[in-house]
Amino acid sequence: MPARPIIIDCDPGQDDAVALFLAMSSPDELEILGITAVAGNVPLRLTERNARVMCDVAGRSDIPVFAGAEKPLIREAISAEYIHGETGINGMDVFDPETPLQSQHAVDFLLETLAGAAPASITLVPTGPLTNIAAAFIADPQVIENVAEIVLMGGAMREGGNRTPSAEFNILADPHAADIVFSCGRPLTVMGLDVTHKVLSTPERVGRIRALGNPVATATAGMLSFFHRYDTEKYESDGPPLHDPCTVAYLLRPELFETRLCNVAIETESELTMGHTAVDFWHVTDRPRNAHWVHEVDADGFYNLLTERLARFANDR
Ligand code: RIB
Ligand code: CA
């Protein structure tokens, strides 16, 4: 079976970085056409640099990396250095990467790649604010038909929110972009906090990854350990939730997850609930069922997959 062509749109961020590593570990199943960076956890100049750092660490400088939007479509930018650290990938040694930054803007790369693709052929994997994706859909709505599906990390239902009581960071950071993406009409699978808060990087799980000993696993363990300090205090849990790699794990092993097709709408008016994902889980409205909302996960199965795939990287980098 040919590898699935994907584009990962991200704001690294430690969890984005692990999602990149998981995708890079599986070239027989996932063909990464490009990585597009967006401002989010930290400013764009860092998210694009961090994406290229991960390409270096994984020995995948063949993957083109593009810088995209520096700010949301309409609102002012928000960021999350208090969680991710000033580099965005605290917990690993940061360096100036050899992987080059492409001169083409990320949105132009998205447009060019989608426009030249066959119908329903390319999977988009956004793990940050949806600004780049929405900007491409606004610029040329015809490219939307060439999207196979969108598997994104964002939103919350029972978990409420993490940046506000009612909104998760990626959606809140650019709710207008999210509204465009959630209304685009293509198959959408949404990994919200309801599922990612069940995927906890406990010391035992991080220890198994650290024991692999290759540079990718060592970087992963360091980043997950740094992540630990904020989330575990906030949620009083045994480890921080590992959000973004759930998207890639879904592409590799969808049977690890349970989804429900329902309507998901985005709040773009009220400042109190800005960026809220209104998930019609019990189908109480007749709004179109536009998203596969992910609500259950085999967390042990997820970490077994992640650990097994990270073990594939060479020790001699
Ligand atoms: O709310 C969690 C999400 O926001 C993750 O994607 C994290 O990397 C940040 O982008
Ligand atoms: Ca992210």
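The values are calculated or read from the model by the stated rules, or taken from the named source; none is laboratory data. The structure displayed is predicted, hence computed values, not measured ones. Cβ placement follows ideal geometry from the backbone for every residue including glycine, while neighbour counts extend to all protein chains displayed. The accessibility values were calculated without ligands, DNA or RNA, using every heavy atom of the protein model including side chains. Shrake-Rupley method; radii C 1.70, N 1.55, O 1.52, S 1.80 Å.
A few notes on this one:
- Size of region 125-174 as Cα extents on the principal axes (Å, biggest first): 36, 18, 13
- Sequence-ordered 3J(HN,Hα) estimates for region 165-181 from the Karplus curve with 6.51, -1.76 and 1.60 and θ = phi - 60° stand at x, 10, 8, 8, 4, 4, 6, 4, 4, 8, x, 5, 5, 4, 4, 5, 5 Hz, glycine and proline given as x.
- Cα extents of region 189-317 along the three principal axes, largest first (Å): 55, 31, 23
- Accessible surface calculations at 1.4 Å, restricted to protein heavy atoms, place the chain at 38 Å² per residue.
- Expressed in units of 2.2 N^0.38 Å, where N is the residue count, the Cα radius of gyration of region 116-251 is 1.18.
- Taking only protein heavy atoms and a 1.4 Å probe, the accessible area of the chain is 50% carbon and sulfur.
- Under 12 Å, Cβ to Cβ, from Phe95 - net charge with Lys/Arg +1 and Asp/Glu -1: -2
- Label zone at Tyr82, where the point sits 7 Å out along the Cα-to-Cβ direction: region 227-255 residues whose backbone N lies under 17 Å: 227-236
- Helix-only CD estimate at 222 nm, as mean residue ellipticity for the chain, using -39500 (n - 2.57) per DSSP H run (n ≥ 4): -10500 deg cm²/dmol
- The mean sequence distance of close C-alpha pairs (under 8 Å, at least 6 residues apart), as a share of the length of region 96-203, puts its relative contact order at 28 percent.
- With R₀ set to 25 Å, the beta-carbon distance separating Glu308 from Arg229 gives a calculated FRET efficiency near 0.40.
- Volume of the Cα convex hull of region 186-245, divided per residue and given in Å³: 96
- Length-normalised contact order for region 1-114 - Cα pairs under 8 Å, 6+ apart - percent: 28
- Once the Cα-Cα distance is subtracted from the 0.36 nm per residue extended length, the Ser270 to Glu236 segment shows a gain of 9.2 nm.
- Scanning residues 5 or more positions from Asp174 or on other chains, those with amide H under 5 Å from its amide H are Leu130, with H placed 1.01 Å from N in the peptide plane.
- Mean Cβ count within 10 Å, highest first, over the residues of peptides 161-173, 54-66: 161-173, 54-66
- For region 234-280, the convex hull spanned by the alpha carbon atoms encloses 142 Å³ per residue.
- Extending 7 Å from the Cα toward the beta-carbon at both Asp286 and Lys198 defines two label points whose distance is 3.2 nm.
- Computed log₁₀ I(q)/I(0) - Debye formula, equal Cα scatterers, no solvent, region 266-317, q 0.14, 0.23 Å⁻¹: -0.66, -0.93
- Working note: Cα gyration tensor of region 97-145, eigenvalues times five, square-rooted, sorted largest first, giving semi-axes of 20, 13, 11 Å.
- Spin-label zone in region 64-102 - amide nitrogen under 20 Å from a point set 7 Å from the Cα of Asp140 along the C-beta vector: 64-69, 102
- Value of relative contact order over the chain, rounded to a whole percent, pairs C-alpha under 8 Å and six or more apart: 19
- On a per residue basis, the convex hull of the C-alpha atoms belonging to region 1-158 measures out at 129 Å³.
- Kirkwood radius, the chain, all distinct C-alpha pairs, inverse of mean reciprocal distance: 19.1 Å.
- Convex hull of region 13-93 built on C-alpha atoms - directionally averaged projected area, nm²: 5.5
- Accessible area (Å², 1.4 Å probe, nearest 10) - Lys198: 80
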